[in-house]
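Undergrad: Quick one: this structure, given as structure tokens, is what I'll be asking you about.
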Amino acid sequence: MANPLLPEKKLQLNQRVQVYRNVRKEVFSVLDGKTRRLIAHSEALVLANVEFKVSRAGQAQVRREKQKNVHAYVIGDYAGQEGGSLEHYELVYYNPYTTETFVTLENHLPVLKAERCYLVNGKCYIKS
């Protein structure tokens, strides 16, 4: 899959990044973990040492105004673009109207951390 980097920006292995799903561009937007500046757009990427963060204030604003804003991130160390087969991954999701945190699709258990995460096709999968 193509991973078009923004001009003159670098995405390096083990770089700490924050990722959110960009609904307008239908890709993942990747921010530098330190500067929080946009460094890439990607259709697929793998993260290690992952944390799932939801801003309570942002979530409250979405619920109040019924309009989406960026307030939920997957934070981790960039580990490449290919996660391989989804066979050993579990789908997780976040819906600001119905969940407080990221949760597993199968049993709706909260997900705050994961060893590995594969973001592909607009979805988020954790290593099970």
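The values are calculated or read from the model by the stated rules, or taken from the named source; none is laboratory data. These numbers were taken from a predicted model, which means no experiment stands behind them. Methodologically, a virtual Cβ is constructed for each residue, glycine included, from the backbone with ideal geometry; neighbour enumeration extends over all protein chains shown.
Undergrad: Select from the range 85-97 the residues that are part of a strand (DSSP E or B), within 12 Å of the chain's Cα centre (by Cα) and hydroxyl-bearing (Ser, Thr, Tyr) and list them in ascending order.
TA: Within the range 85-97, TYR93 is the sole residue that qualifies.
Undergrad: Select, from LYS66, LYS53, the only residue that is basic (Lys, Arg) and within 17 Å of GLN18 (Cβ to Cβ).
TA: That would be LYS53, the only listed residue that is basic (Lys, Arg) and within 17 Å of GLN18 (Cβ to Cβ).
Undergrad: Right, another one. Being surrounded by fewer than 17 Cβ atoms within 10 Å (Cβ to Cβ) and either assigned to a strand (DSSP E or B) or touching a Cys at 6+ places or on another chain (Cβ under 7 Å) (or both) is the filter here, so list the residues in the range 109-124 that pass it.
TA: Once the filter is applied, which keeps residues that are surrounded by fewer than 17 Cβ atoms within 10 Å (Cβ to Cβ) and either assigned to a strand (DSSP E or B) or touching a Cys at 6+ places or on another chain (Cβ under 7 Å) (or both), the range 109-124 yields PRO110, LYS113, GLU115, LYS123.
Undergrad: Of the conditions (1) on the phi > 0 side of the Ramachandran plot; (2) buried (at least 18 other Cβ atoms within 10 Å of the Cβ), LEU31 clears all except one; give me its number.
TA: The one condition LEU31 does not meet is (1).
Undergrad: So, one more: Test each condition in (1) touching a strand residue (DSSP E or B) at 6+ places or on another chain (Cβ under 9 Å); (2) part of a helix (DSSP H, G or I); (3) hydrophobic (A, V, I, L, M, F, W, C) for VAL50 and report the one that comes out false.
TA: Condition (2) is where VAL50 drops out.
Undergrad: Output the qualifying pairs, or none if there are none: Cβ atoms under 7 angstrom, residues six or more apart or on different chains, first residue in the range 72-83 and without any contact (Cβ under 8 Å) to a residue 40 or more places away in the chain, second residue among the polar types (S, T, N, Q) and in a loop (DSSP other than H, G, I, E, B).
TA: Close Cβ pairs satisfying both conditions: none exist.
Undergrad: Any idea which of GLU106, GLU100, GLU82 is acidic (Asp, Glu), in contact with a helix residue (DSSP H, G or I) (Cβ under 9 Å, 6 or more places away or on another chain) and either under 14 Å from GLY122 (Cβ atoms) or assigned to a loop (DSSP other than H, G, I, E, B) (or both)?
TA: Result of the check over GLU106, GLU100, GLU82: GLU100.
Undergrad: Does GLU82 satisfy the condition of being surrounded by fewer than 17 Cβ atoms within 10 Å (Cβ to Cβ), modelled with pLDDT under 95 and charged (D, E, K, R)?
TA: When the stated conditions are applied, GLU82 passes them.
Undergrad: Return the total of residues in the range 8-41 being without any contact (Cβ under 8 Å) to a residue 60 or more places away in the chain and of a type in the set (S, T, N, Q).
TA: Adding up the residues that qualify gives 4.
Undergrad: On the given criteria, is VAL54 surrounded by 19 or more Cβ atoms within 10 Å (Cβ to Cβ), of a type in the set (A, V, I, L, M) and touching a Ser or Thr at 6+ places or on another chain (Cβ under 6 Å)?
TA: The answer is no for VAL54.
Undergrad: A follow-up question, please. What is the number of the single condition among (1) modelled with pLDDT of 95 or more; (2) within 12 Å of VAL17 (Cα to Cα) that LYS34 does not meet?
TA: (1)
Undergrad: Within the group GLU106, GLU90, GLU65, which residue is touching a residue at least 12 places away in the same chain (Cβ under 8 Å), acidic (Asp, Glu) and loosely packed, with under 12 Cβ neighbours inside 10 Å?
TA: Going through GLU106, GLU90, GLU65 in turn, the sole match is GLU106.
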